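The values are calculated or read from the model by the stated rules, or taken from the named source; none is laboratory data. Treat the numbers as computed from the prediction; the structure is a model and nothing was measured. With ideal geometry, Cβ positions are generated from the backbone for all residues, glycine too; neighbour counts draw on all protein chains shown.
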Amino acid sequence: MRSALFVPADSEKKMARGLECGADCLFVDLEDSVAANAKPAARQMARDFLLHARRRASRPLLYVRVNALDSGMTDADLDVVMAGGPDGVLLPKSQGGCDVQHLSAKLAVREAAFGLPDGATQIACVATETASAIFGLSSYKGASRRLAALTWGAEDLSADLGAETNRLPDGAHAPPYQLARNLALFAAVAAGAQPLDTVYPNFRDEAGFEVECLAARRDGFTGKMAIHPAQVPVINAIFTPPAAEIARARAIVAAFEHNPDKGVIALEGEMLDKPHLERARKLLARARE
């Protein structure tokens, strides 16, 4: 997924609009965007939306952001929304691989109960929303075959730290959040999960948003979360490999295939070795997706 748009589960209008905005994935939100007293109704609305959206010939991936494992509400969320057969569950405030395993066990029970294929429901984690979660980032590797994506969060983390802000005057993330970002990127790649960049809250700041998307792609993130439909086209454009880069990657792969006995080859005046080949293969894999 290049773009993952949050839509509140208690708004039929916003969920329906999300289907039409071109996002690769919708995160149907039962957590922060839904007030406590509205959650029971929101669960029913999310289930009904999933059942409706799954009947469409063309649709985005459908994930549900449940409430955190320590909230006491995760089971109630899953008992309702799993009847809708979501493609995945987004776990907020994850502390590490143990939380992924815990959620995976819960999903397996519901898959059996609702007649869903075993292991069909994937997991994405928001992995840096508390200070303690930073120290569990290395534990995602091997935690579960369900783990599809790993992202990071600066808003909840700044609240946990008691910080005045998580951004500098120029809009860039402050050093503690740069650290969380970078560690989450390493953790995702090490775990074989897709690294997703965090949200950009000021959806009216198009220039700043584009700069942050470009920096994320440059560093290795392969997608970004959105909080507003207007952000989706920018994300999709930036995280779709350009035609020139695809052509270059194909040339690199072809050059190594034509010279299987060489560890280093020359192409257009540049010396290339195995890391260049691996980057080219990953770019082509993203292009195919």
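Among the numbered criteria (1) in a helix (DSSP H, G or I); (2) under 20 Å from the mean Cα position of the chain (by Cα), which single criterion is violated by residue 59?
Status for residue 59: all satisfied but (1).
Answer yes if at least one residue in the stretch 205-222 is out of contact with any Gly (no Cβ under 9 Å at 6 or more places or on another chain), surrounded by 19 or more Cβ atoms within 10 Å (Cβ to Cβ), on the phi < 0 side of the Ramachandran plot and of a type in the set (A, V, I, L, M), and no otherwise.
No - not one qualifying residue is present in the stretch 205-222.
Within the stretch 236-265, which residues are part of a helix (DSSP H, G or I) and within 16 Å of the chain's Cα centre (by Cα)?
Scanning the stretch 236-265 gives 236, 238, 239.
Sort through 248, 167 and tell me the only one that's touching a strand residue (DSSP E or B) at 6+ places or on another chain (Cβ under 7 Å) and more than 29 Å from residue 97 (Cβ to Cβ).
None of the other options fit; the residue is 167.
Per-residue answers, yes or no, for (1) in contact with an Asp or Glu (Cβ under 8 Å, 6 or more places away or on another chain); (2) within 30 Å of residue 11 (Cβ to Cβ):
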| site | (1), (2) |
| --- | --- |
| 228 | no, yes |
| 238 | yes, yes |
| 246 | no, no |
| 264 | yes, no |
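Is it the case that the stretch 258-266 has a residue that's closer than 30 Å to residue 1 by Cα, of a type in the set (Gly, Ala, Ser) and surrounded by 11 or more Cβ atoms within 10 Å (Cβ to Cβ)?
Kept after step one, since they are closer than 30 Å to residue 1 by Cα, are these residues of the stretch 258-266: none.
Taking every residue of the stretch 258-266 in turn, none turns out to be closer than 30 Å to residue 1 by Cα, of a type in the set (Gly, Ala, Ser) and surrounded by 11 or more Cβ atoms within 10 Å (Cβ to Cβ).
All but one of (1) modelled with pLDDT under 95; (2) of a type in the set (A, V, I, L, M, F, W, C); (3) in a helix (DSSP H, G or I) hold for residue 76; state the number of the condition that does not hold.
Tallying (1) modelled with pLDDT under 95; (2) of a type in the set (A, V, I, L, M, F, W, C); (3) in a helix (DSSP H, G or I), residue 76 fails exactly one: (1).
Would you confirm whether any residue within the stretch 61-71 is in contact with a strand residue (DSSP E or B) (Cβ under 8 Å, 6 or more places away or on another chain) and farther than 28 Å from residue 289 by Cα?
There is at least one residue in the stretch 61-71 that is in contact with a strand residue (DSSP E or B) (Cβ under 8 Å, 6 or more places away or on another chain) and farther than 28 Å from residue 289 by Cα.
Being in the same structural domain as residue 190 (by TED's automatic domain parsing), farther than 29 Å from residue 183 by Cα and among the β-branched types (Val, Ile, Thr) is true for just one of 109, 89. Which residue is that?
109
Determine, yes or no, whether residue 253 is farther than 27 Å from residue 13 by Cβ and in contact (Cβ under 8 Å) with a residue 12 or more places away in the chain.
Details: farther than 27 Å from residue 13 by Cβ: yes; in contact (Cβ under 8 Å) with a residue 12 or more places away in the chain: yes.
Yes, satisfied.
Can you pull out the residues in the stretch 1-45 that are farther than 14 Å from residue 66 by Cβ, touching an Asp or Glu at 6+ places or on another chain (Cβ under 8 Å) and among the charged types (D, E, K, R)?
Selection gives 2 alone.
Which residues, taken from the stretch 70-115, are buried (at least 18 other Cβ atoms within 10 Å of the Cβ), under 19 Å from residue 151 (Cα atoms) and hydrophobic (A, V, I, L, M, F, W, C)?
89, 90, 91, 100, 103
Tell me, yes or no, whether the stretch 66-80 has at least one residue that is within 21 Å of the chain's Cα centre (by Cα), assigned by TED's automatic domain parsing to the domain that holds residue 17 and within 22 Å of residue 21 (Cβ to Cβ).
Among the residues of the stretch 66-80, not one is within 21 Å of the chain's Cα centre (by Cα), assigned by TED's automatic domain parsing to the domain that holds residue 17 and within 22 Å of residue 21 (Cβ to Cβ), which makes the answer no.
For the stretch 42-61, which positions are modelled with pLDDT of 95 or more and of a type in the set (A, V, I, L, M)?
Passing the criteria: 42, 45, 46, 50, 51, 53, 61.
With the structure loaded, tell me whether residue 33 is of a type in the set (Ser, Thr, Tyr), in a loop (DSSP other than H, G, I, E, B) and farther than 19 Å from residue 236 by Cβ or whether it fails that test.
Yes, satisfied.
Yes or no: the stretch 225-235 includes at least one residue that is touching a strand residue (DSSP E or B) at 6+ places or on another chain (Cβ under 6 Å), within 30 Å of residue 155 (Cβ to Cβ) and part of a strand (DSSP E or B).
yes
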